[in-house]
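Have a look at the structure below before the remarks.
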Amino acid sequence: MKITISETARISLEEIIDFLQAKWTAKEIAILQTDIRKFRQTMIDDILKHQSLEKFPNIKFTFIGKKQIKLFYEIKTDEIVIKLFWHCKKDPLQLKYLLNKYYKKSEV
């Protein structure tokens, strides 16, 4: 199964890495990278338990980076699309806005 990453996910991941570089150590970045690789492998092996949001049933999520970051994704017939990386301490209203944006796109 093919795994792709949206532009918003790329930007949000870069923001998180920039934050980690400024405030934390290389160890936290390495943990995040390892968790992303593990996510990819569990999706390929189809062993991840998918958690859904009640309002957005097409969008799934999992925790990575010591459970500080949510990785939002959508499972399609032939691919998995990573939609967003979200640091759990950010504004939840902004998250709601972004998920609404993606949910409308995924219905089309």
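The values are calculated or read from the model by the stated rules, or taken from the named source; none is laboratory data. Nothing here was measured: the structure is a model prediction, and the numbers come from that model. Virtual Cβ from ideal backbone geometry, glycine too; neighbours counted across all protein chains shown. All accessible areas refer to the heavy atoms of the entire protein, side chains included, with ligands and DNA or RNA removed. Shrake-Rupley method; radii C 1.70, N 1.55, O 1.52, S 1.80 Å.
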For a quick check of your reading of the model, give me the residue pairs whose first member lies in the stretch 1-14 and is farther than 17 Å from residue 98 by Cβ, whose second is open to solvent by 100 Å² or more (accessible area, probe 1.4 Å), with beta-carbon atoms closer than 7 Å and at least 6 apart or on different chains. 1/78; 2/78; 3/40
So which residues in the stretch 58-94 are open to solvent by less than 80 Å² (accessible area, probe 1.4 Å), within 19 Å of residue 5 (Cα to Cα) and outside any strand (DSSP E or B), if there are any at all? 58, 65
Going by the structure shown, is residue 61 of a type outside the set (S, T, N, Q) and in contact with a helix residue (DSSP H, G or I) (Cβ under 6 Å, 6 or more places away or on another chain)? no
For residue 17, which of the numbered conditions (1) open to solvent by less than 20 Å² (accessible area, probe 1.4 Å); (2) within 20 Å of residue 98 (Cα to Cα); (3) of a type in the set (A, V, I, L, M) fails to hold? (1)
Those residues that are more than 13 Å from the chain's Cα centre (by Cα), of a type outside the set (S, T, N, Q) and at pLDDT 80 or above, I need them from the stretch 83-108; list them, please. 89, 90, 91, 92, 93, 96, 97
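Give the residue, chosen from 62, 25, that is among the β-branched types (Val, Ile, Thr) and more than 26 Å from residue 101 (Cα to Cα).
Every option except 25 fails the conditions.
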